[in-house]
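This report concerns only the one structure given below.
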Amino acid sequence: MVTPTRKKDRIDALAASSADFDAGVSLAVSAWRQLRRSPMFLTGAVIIGLFVLVSLLSPWLAPQDPSEPMLIDQVVKARNEIPPIQPGHVLGGDLQGRDFFSRLLVGSQQTLIVGVLATLIGLTGGLTLGTLAGAFGGWVDSAVMRVVDVMLSLPSLLLAFSISALFARPNQYTVIVAVAVVQIPVFARLLRGSMLAQRHSDHVLAATALGVKPGAIVFRHMLPNSLGPVIVQSTLVLATAIIDAAALSFLGLGNPDDRIPEWGQMLGDVQNVFDTHPQLAFWPAGCIIVVALGFTLMGETLREALDPKSRR
Amino acid sequence: MALLEVRDLTVVFERKGEQPFTAVDHVSFEVEPGQTVGLVGESGCGKSVTSLAIMGLLPKRGARVSGTVGYEGTNLLSLSDREMRDRRGRDLGMVFQDPLSSLNPVVPIGVQVTEVLERHRDMSRKKAMVEAADLLDKVGIPDPTRRLSEYPHQLSGGMRQRALIAIALACRPRLLIADEPTTALDVTIQAQILALLKELVRDMGTALVMITHDLGVVAGLCDEVNVLYAGRVVEKAERHELFAAPRHPYTHGLLSSIPRLDAPRGQKLSPIKGSVADNIPWDHGCAFAPRCPNALDVCVQVTPAQEDIGGGRLLRCHNPVRPPVVEEVSA
């Protein structure tokens, strides 16, 4: 018996197989064709999609108030017991008797905010420094790059730790600043490298030969062509930013107000009861790992797809 | 008066800890308005460096440029960066070799054309767009309005070169420098592009400096030809004379290495032996001597001077090729 195959499907399959040899398509289009068939990219995309969705909707999704202790806890307060799994509380409660599942859900918000803001600020700083270095060259380049080298020579977590220790009262914003500053040198270096390559490219020479002003050359001809690797890097940086932020909170340099849940802080709070209640550490740690993995999978596959050298 | 008057143009590349390298050595030539002058030579003979020096596009550090480049009486080499920037694109246009890499890949064609118009002709974006469509139409790009919003990768090779020519001619410069504009194109497209250049140059009265290694291009386009070897002009002649009677052994070699349809069957092509790497410096003799079939002892000892051999021809050779005797038809 012949399997009924629709004509349209066959044509699509044919088109897809010949797409790889089509030199006329742009890098972005061919990257997308490669990505949408990559299981790694799809896994990452699904994780990140769910994560963003959950964090945006968490105030409505959370079954309980994440900052209010359960009533049942007040009854057995004397025994200082951690509430077990029970109807209405799928993961039980935390040390203070607050609904653990709701805290996990709402905690994703902080992770998203810190991750995205820190990456954006780091990106802005890196773009500024990288553009300065790449556009001017000469001593400006040397000066900027030496600062960047010094920052890169320090372990990133140690640097973030030192920066947040500079603030008298750590809160969620100091975490963002600390994590952001650590990301600046990576972006700056990357952008400077591709800007330098652009400086000697034919189309920049051609633009110069047309009398285009230096400002327009930098912002219209060099910068847009140098952004690719930086954008890819920012998806990877999102992962490190989330881990770094969690680490800072874990070490007590995050938001001291524990009514707003945060995964790193939740992890730090339960250090003493880890041997009796490992689930309290397991869930937030698992969340951090999965989300970071999601961003890394997306970033790595994106980088591979956009890198002309690794294109098949 | 000549539109462009290049006198003793010399470009020396200097690098710390290395011998300075003279890429262009006292090159002089003139271009009259509406005239097409060819600079011919193989890779590394200084053609492109000459064009970049005229445009003021050589890096400030590392390249020492001397001599004069007179444009309507002003020495372009003495202008400030800002003055030179105002002239580039407006008075002097340039078309590069590789049309794909010379266009900005992330900006639509239309913006790249209007950019020049806005810069030099103070046009509004709207007016410039109309003008840009007009320009694309003029260089033979079909459906120009649609093309304006397309990106370079969506255009074919010939189309891209047409777009580049449109951009270079957008402000009607009086001088256009074309640096091997057809090298990256198919042979059929090459002919079209050359025909287009020829037509535009004639219609707009633009002077053209054609840089090429392709003598076929020279034969079809140039009024006057300068043959460069190792940074110096070795022979300069009017087109017909150069092809009819090449005097310098290098020019002769170039011409006899071109396959010809009217050559007798079985006749082999005669290549020029060796490569540019075999050059000796000009200061101890003739740079071409190691590869020259006519080389004499004097060629490796005394630098040949440039001589006027009449008919507007210049020659730099101790032992030139004899002009062919006009064959008499034997009865």
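The values are calculated or read from the model by the stated rules, or taken from the named source; none is laboratory data. Keep in mind that this is a model prediction, so the values were computed, not measured. As a convention, Cβ positions derive from the backbone with ideal geometry for all residues, glycine included, and neighbour counts pool all protein chains shown. Surface areas here come from the heavy atoms of the whole protein model, side chains and all, with no ligands, DNA or RNA. Shrake-Rupley method; radii C 1.70, N 1.55, O 1.52, S 1.80 Å.
Brief remarks on what is shown
- Once both labels are positioned 7 Å from their Cα atoms along Cα-to-Cβ, the gap between B:E72 and A:S153 label points is 5.6 nm.
- Solvent-accessible area per residue in region A:35-310 equals 48 Å², computed with a 1.4 angstrom probe and all protein chains kept.
- Gyration tensor verdict on region B:76-231 (Cα atoms; rounded if a/c is under 1.5, prolate if a/b is larger than b/c, oblate otherwise): oblate
- Most positive-pole-ward Cα, B:L255, A:P155, A:A133, against dipole of the protein assembly as shown from beta carbon charges: B:L255
- Simple Cβ-charge dipole of the protein assembly as shown, Lys/Arg +1 and Asp/Glu -1, about Cα centre, in debye nearest 20: 500
- In chain A, the longest principal axis of the Cα atoms and the axis of helix A:100-136 are about 30 degrees apart.
- The DSSP beta bridges internal to the protein assembly as shown are antiparallel in roughly 60% of cases.
- Angle between chain A longest axis and helix A:223-250 axis [Cα atoms, degrees, rounded to 10]: 20
- Listed pairs A:K213/B:K60; B:K47/B:K236; A:K213/B:K198 exceeding 19 Å between Cα atoms: A:K213/B:K198
- Each Lys and Arg adds +1 at its Cβ and each Asp and Glu adds -1 at its Cβ; summed about the Cα centre, chain B shows a dipole of about 760 debye.
- Largest first and in whole Å, the equivalent-ellipsoid semi-axes of chain A read 43, 30, 13, each the square root of five times a Cα gyration tensor eigenvalue.
- Taking 0.36 nm per residue of sequence separation and removing the Cα-Cα distance, the B:D223/B:D308 pair yields an extension gain of 28.8 nm.
- When the Gaussian network model of chain B links Cα atoms closer than 10 Å, the mean-square fluctuations of B:I309, B:I193, B:I141 top out at B:I309.
- The angle between the Cα long axis of helix A:156-166 and the main principal axis of chain A comes to about 60°, on a 0 to 90 degree scale.
- Take each residue of peptide A:210-219, count the partner chain Cβ atoms within 10 Å of its Cβ, and average: the result is 5.
- Note on chain B: with a GNM built from Cα contacts shorter than 10 Å, the maximum mean-square fluctuation among B:F96, B:F21, B:F288 falls on B:F21.
- Summing charges over neighbours of B:T68, with a neighbour being any other residue whose Cβ is under 11 Å away from its Cβ, gives -1 when K and R count +1 and D and E count -1.
- Between B:S256 and A:S142, the modelled labels are 5.5 nm apart [label points 7 Å from Cα along Cα→Cβ].
- Under 5 Å between amide hydrogens, built in the peptide plane, is the criterion, and for B:M123 it picks out B:E118 among residues at least 5 positions away or on other chains.
- Computed over chain A with a Gaussian network model linking Cα atoms closer than 10 Å, the most mobile of A:A207, A:A245, A:A118 is A:A207.
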